[in-house]
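This report concerns only the one structure given below.
The values are calculated or read from the model by the stated rules, or taken from the named source; none is laboratory data. Bear in mind that the values here come from a model prediction, so they are computed numbers and not experimental data. Note that each Cβ is placed from the backbone with ideal geometry, even for glycine, and that neighbours are counted across all protein chains shown.
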Amino acid sequence: MARMTFKILALAFAASTLTACETIDSAATSTSDTVGSWFQSAKEALSSSDQPVETGQGYFAREVGADLAAADAEAIGREGAKALDHGTAGKAVEWRNAKTGAQAVFIPGDPVIEKRKMIASLKKGVAQPRDLEVIGGTYESRYNANLRSAPGIENPLVGRLKPGERFTAVGRSHSRAWILVAKGGNMVGYVYEPLVAPTSSGGPAPELRETRISQPIGKEKPAFDTILAATPCRNLAYDVVTGSGQRARAELRACKASDGAWEIN
């Protein structure tokens, strides 16, 4: 299978010592936001006509052939992401569309944690975190909660979350006690983890995508920094067959981005 080089959008690193728990601010206020919009903003800033961002649908359509129905390609990309997210290593995950005859078998490998280069969009005054472990999930605030410029209550206040407010949890920093919060196209601060929790709905479904960025980040985009973060990665063997019998059998490697998607690299 032809290999391509991809970059993952996410974030990482800034250190501070946790000396006490963050307190609840009963007077906190904040505005609502669309979950995952920070990724969209970053994607648009980094992409141009020769730097497309594609879903797993486009990937499998190219691998198998032009006669793979769009709906089948979309479903196969979605099922591949599910296999990466929830599949047991070495155990086959099967999918079939009885109407079209298209089918796919996925076998995920063992998950490993790798340090990956990621692209960050930090709100002014927010420090790059150190020892970031990517989450890439949808969370919500359980209380009125302060956002700090860096992990630790000794750091300046840069914003607040109100009860029930949703956001993208980029990752955990500093011994897993602080969450880096993404909203509105930026990483906007750190919240003490006991004050927030994953949403009951689980947030958006995972997707499998590839992001081709052929040119380096230029000086005209100073808001973006390239950093390192620890993120889950897995191999995924697949065997995809279209309704007409065209077949693609190979293996890809994907790592989780900070918005929850799996990105092929």
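Inside segment 148-170, residues that are outside any strand (DSSP E or B) and surrounded by fewer than 24 Cβ atoms within 10 Å (Cβ to Cβ) make up a count of 11. For segment 171-188, the set of residues classified as in a loop (DSSP other than H, G, I, E, B) and either modelled with pLDDT of 90 or more or hydrophobic (A, V, I, L, M, F, W, C) (or both) consists of Ala177 only.
What is the residue count in segment 231-257 for residues that are modelled with pLDDT of 90 or more, of a type in the set (A, V, I, L, M) and within 27 Å of Arg116 (Cα to Cα)? Matching residues across segment 231-257 total 5. When Ala71 is tested against (1) at pLDDT below 95; (2) surrounded by 15 or more Cβ atoms within 10 Å (Cβ to Cβ); (3) aliphatic (A, V, I, L, M), only condition (2) is not met.
Count, please, the residues in segment 80-117 that happen to be of a type in the set (Lys, Arg) and closer than 11 Å to Arg234 by Cβ. Number of matching residues: 0. Residue count for segment 200-225 satisfying the condition of being at pLDDT 75 or above and surrounded by fewer than 17 Cβ atoms within 10 Å (Cβ to Cβ): 1. On inspection, Pro194 qualifies as at pLDDT 90 or above, outside any strand (DSSP E or B), farther than 23 Å from Thr88 by Cα and out of contact with any Ser or Thr (no Cβ under 6 Å at 6 or more places or on another chain).
For every residue, the table says whether it meets (1) touching a residue at least 60 places away in the same chain (Cβ under 8 Å); (2) closer than 25 Å to Ala230 by Cα; (3) among the β-branched types (Val, Ile, Thr).
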site: Gln57; (1), (2), (3): no, no, no
site: Gly65; (1), (2), (3): yes, no, no
site: Ala81; (1), (2), (3): yes, yes, no
site: Asp85; (1), (2), (3): yes, yes, no
site: Ala92; (1), (2), (3): no, no, no
site: Lys99; (1), (2), (3): no, no, no
site: Gly109; (1), (2), (3): yes, yes, no
site: Ile113; (1), (2), (3): yes, yes, yes
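Restricting attention to segment 238-265, which residues are in a loop (DSSP other than H, G, I, E, B) and β-branched (Val, Ile, Thr)?
Across segment 238-265, the qualifying residue is only Thr242.
Could you pull out the residue among Val112, Val93, Val170 that is touching a Leu at 6+ places or on another chain (Cβ under 8 Å), within 23 Å of Glu210 (Cβ to Cβ) and among the aliphatic types (A, V, I, L, M)?
Val170 is the lone residue from the list that is touching a Leu at 6+ places or on another chain (Cβ under 8 Å), within 23 Å of Glu210 (Cβ to Cβ) and among the aliphatic types (A, V, I, L, M).
All told, Glu140 meets the bar of being more than 14 Å from the chain's Cα centre (by Cα) and either closer than 28 Å to Ser200 by Cβ or crowded, with 18+ Cβ neighbours inside 10 Å (or both).
When we screen Gly80, Gly65, Gly87, Gly109 for residues that are in contact with a helix residue (DSSP H, G or I) (Cβ under 9 Å, 6 or more places away or on another chain) and closer than 18 Å to Arg249 by Cβ, the only hit is Gly80. Only one residue in Ser173, Ser121 is crowded, with 18+ Cβ neighbours inside 10 Å, closer than 23 Å to Thr199 by Cα and not charged (D, E, K, R), so which one is that? So the residue among Ser173, Ser121 that is crowded, with 18+ Cβ neighbours inside 10 Å, closer than 23 Å to Thr199 by Cα and not charged (D, E, K, R) is Ser173. Checked against the criterion of being assigned to a strand (DSSP E or B), out of contact with any Lys or Arg (no Cβ under 7 Å at 6 or more places or on another chain) and over 18 Å from Gly243 (Cβ atoms), segment 52-68 has no qualifying residue. Pairing residues of segment 172-195 that are more than 12 Å from Tyr139 (Cβ to Cβ) and aromatic (Phe, Trp, Tyr) with residues that are modelled with pLDDT under 90 and in a strand (DSSP E or B), at Cβ distances under 9 Å and at least 6 apart in sequence or on separate chains, gives Tyr190/Ser173. Filter segment 104-118 for residues that are crowded, with 18+ Cβ neighbours inside 10 Å and within 23 Å of Gly245 (Cα to Cα) and give the result. The answer is Ala104, Phe106, Ile107.
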